[in-house]
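This report refers to the structure that appears directly beneath it.
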Amino acid sequence: MLSRRELLATVAATLPAVAHARTGANAPVAPPVYPSGDDDFWRGIQREFTLDRTIINLNNGGCCPTPRVVHEAFVRYLDQSNLLPPYELWQLLEPNVEAVRRELAIEAGCDAEELAITRNASEALQIAQSGLSLSPGDEVVITDQDYPRMLDTWDQRARRAGVVIKRVSFPAPLLDPADFLSAIKAAFTPKTKVVHISQVTFLSGAAPPVKEACALAREAGILSIVDGAHAFAHVPTNLHDMGCDFYGTSLHKWLLAPVGTGFLYMRKEHIAGHWALQPTSPSKDGDIRKFEEIGTHPAANHNAIAEALAFHRSIGSERKLARLRWLRHRWTSALAGHPKIRFFTNLEAGGALCTFAITGLEPAAITTALWDKWRIFATPIVHPAITGVRITPNVYTMPEELDTFVAAVKSLAG
Ligand SMILES: Cc1ncc(COP(=O)(O)O)c(C=O)c1O
């Protein structure tokens, strides 16, 4: 349970970047009082992970290690499956996934009958993208900061069926949410059928105003697809409140579930008319489970989502976000003001992710040096709008690891 002070700090931390919108600055401002100083709690969390303590992992944006209890549950379900697969898998483990559906839906703010469990965000989003009935000439608006696989999926629809894809750009850092809304709105035409946006971008952790964007789309009779791969279990997410038509996320990122987990949300009214990528009997047309019919597949990863949810709830969404923001502030404030360092992330919004650059050094040169000299793992980002290194701590990251990282960056920047 958060204290009132903690709660106020957390609420403040999730507010849009109003101050930066006015000033256009992008320096870490005086920190709100994040409730993350209780290091005993977070050191306890760190001990829940079986990590290699000789390296510092600052790339938790790809996929994350699972806590020990989640890994153990995964292995337990895998062992169980192997006892008598046709029985254990199909009679016990798969039916129990209904409890996972129910609990994920509560966490995501939607109905369980609107949520299909998938293997990852790519699968969820590709079902949304490829199952829509669109005609040649219909237009789709997407941003150039969306995930490359999702852009490729739309490009294939363009090549195959003559759908027209319009990619819009928005600034990095995104200091004023209005810049995002005006960019997508300007691309809407009477032929626009779909808008596809990220709740948190993979390039820099930008958190565009998705709720407002979905409302703009709805007013114009346009369907919205939201990519939540970097958002679910990271930043506050309530799908009914967001108002999107489709949502896809991975659970092996911020929920810390085993690799091979994700979900698709689809507003109830779309389910019956939406094509599944792997066809099922018409009798299942109106059932969200039709999107899970992928033939024989492992159940252990999906059952272990229940353990990951329990772990997530034991921390609490607000406390987790506050900690991740506190960690981001720890390193960005130590590097802010350095004449050669620049941030591509709005330091008043979003969560753990932040992308920075050092003038005169290529991103790959920075990540190679970080790894070779300090065993710090981070990922380079090369994109027309953002060329830098993305840093992503997680709940098991300790302040002293970030201090080592800061010292390394200062030494590289000179
Ligand atoms: C924004 C975004 N969307 C989609 C994906 C695809 O996720 P997955 O590889 O888990 O399917 C990623 C992966 O990093 C991502 O960052």
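The values are calculated or read from the model by the stated rules, or taken from the named source; none is laboratory data. All values reported here derive from a predicted model rather than from experimental measurement. Every residue, glycine among them, receives a Cβ derived from its backbone with ideal geometry; neighbour counts consider all protein chains shown. In case anyone asks, the SASA skips ligands and DNA or RNA and just uses the protein heavy atoms, side chains included. Shrake-Rupley method; radii C 1.70, N 1.55, O 1.52, S 1.80 Å.
Just to be sure before I move on: is Phe291 more than 24 Å from Phe202 (Cα to Cα), at pLDDT 95 or above, within 16 Å of the ligand (Cβ to nearest atom) and touching a helix residue (DSSP H, G or I) at 6+ places or on another chain (Cβ under 8 Å) in the structure I sent?
Answer is yes for this residue.
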| request: For the stretch 321-337, indicate whether the set of residues that are open to solvent by 10 Å² or more (accessible area, probe 1.4 Å) and without any contact (Cβ under 8 Å) to a residue 12 or more places away in the chain is non-empty. | output: no
| Hits in the stretch 143-162 (condition: away from the ligand (no atom under 12 Å from the Cβ) and either touching a residue at least 40 places away in the same chain (Cβ under 8 Å) or touching a strand residue (DSSP E or B) at 6+ places or on another chain (Cβ under 7 Å) (or both)) | Asp144, Trp154, Asp155, Ala158
| message | For the condition within 16 Å of the ligand (Cβ to nearest atom) and either open to solvent by less than 20 Å² (accessible area, probe 1.4 Å) or modelled with pLDDT of 95 or more (or both), what is the one hit in Ser81, Ser122? | response | Ser122
| remark: the stretch 338-402: strands (runs of 3 or more DSSP E) wholly inside it with 1 or more residues that are free of Cβ contacts under 8 Å to residues at least 24 places away in the same chain and surrounded by fewer than 21 Cβ atoms within 10 Å (Cβ to Cβ) are 379-382
| request: Could you grab me the full set of residues in the stretch 310-320 that are of a type in the set (A, V, I, L, M, F, W, C) and open to solvent by 40 Å² or more (accessible area, probe 1.4 Å)? | output: Ala310
| task | Would you be able to tell me the number of residues in the stretch 240-297 that are of a type in the set (Val, Ile, Thr), assigned to a loop (DSSP other than H, G, I, E, B) and surrounded by fewer than 24 Cβ atoms within 10 Å (Cβ to Cβ)? | result | 4
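Of the residues Ile165, Ile184, Ile225, which single one is away from the ligand (no atom under 16 Å from the Cβ), under 21 Å from Glu123 (Cα atoms) and in contact with a strand residue (DSSP E or B) (Cβ under 9 Å, 6 or more places away or on another chain)?
Ile165 is the lone residue from the list that is away from the ligand (no atom under 16 Å from the Cβ), under 21 Å from Glu123 (Cα atoms) and in contact with a strand residue (DSSP E or B) (Cβ under 9 Å, 6 or more places away or on another chain).
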| task | Among the numbered conditions (1) open to solvent by less than 10 Å² (accessible area, probe 1.4 Å); (2) in contact with a helix residue (DSSP H, G or I) (Cβ under 6 Å, 6 or more places away or on another chain), tell me where Ala231 comes up short. | result | (2)
| request: Take the stretch 187-200 and flag every residue that is of a type in the set (A, V, I, L, M, F, W, C) and either touching a residue at least 60 places away in the same chain (Cβ under 8 Å) or within 16 Å of the ligand (Cβ to nearest atom) (or both). | output: Val194, Val195, Ile197, Val200
| What are the pairs, 6+ residues apart or on separate chains, where a residue within the stretch 128-142 that is within 19 Å of Met266 (Cβ to Cβ) has its Cβ under 8 Å from a residue that is among the small types (Gly, Ala, Ser) and at pLDDT below 95? | Leu134/Ala161
| message | I'm trying to understand the selection: among the residues of the stretch 92-119, which are within 16 Å of the ligand (Cβ to nearest atom) and either β-branched (Val, Ile, Thr) or open to solvent by 10 Å² or more (accessible area, probe 1.4 Å) (or both)? | response | Ile117, Thr118, Arg119
| Thr201: hydroxyl-bearing (Ser, Thr, Tyr) and more than 20 Å from the chain's Cα centre (by Cα), yes or no? | no
| field | Where a residue in the stretch 230-256 is under 25 Å from Asn301 (Cβ atoms) and within 14 Å of the ligand (Cβ to nearest atom) and its partner, wherever it lies, is among the hydroxyl-bearing types (Ser, Thr, Tyr) and modelled with pLDDT under 95, with Cβ under 8 Å and at least six apart | value | Ala233/Ser317; Val235/Thr14
| task | Check whether at least one residue in the stretch 201-221 is within 12 Å of the ligand (Cβ to nearest atom), outside the structural domain of Phe356 (by TED's automatic domain parsing), within 21 Å of Glu123 (Cα to Cα) and not in a loop (DSSP other than H, G, I, E, B), and report yes or no. | result | no
| Among the residues of the stretch 156-163, is there at least one that is surrounded by 16 or more Cβ atoms within 10 Å (Cβ to Cβ), touching a helix residue (DSSP H, G or I) at 6+ places or on another chain (Cβ under 8 Å) and not in a loop (DSSP other than H, G, I, E, B)? | yes
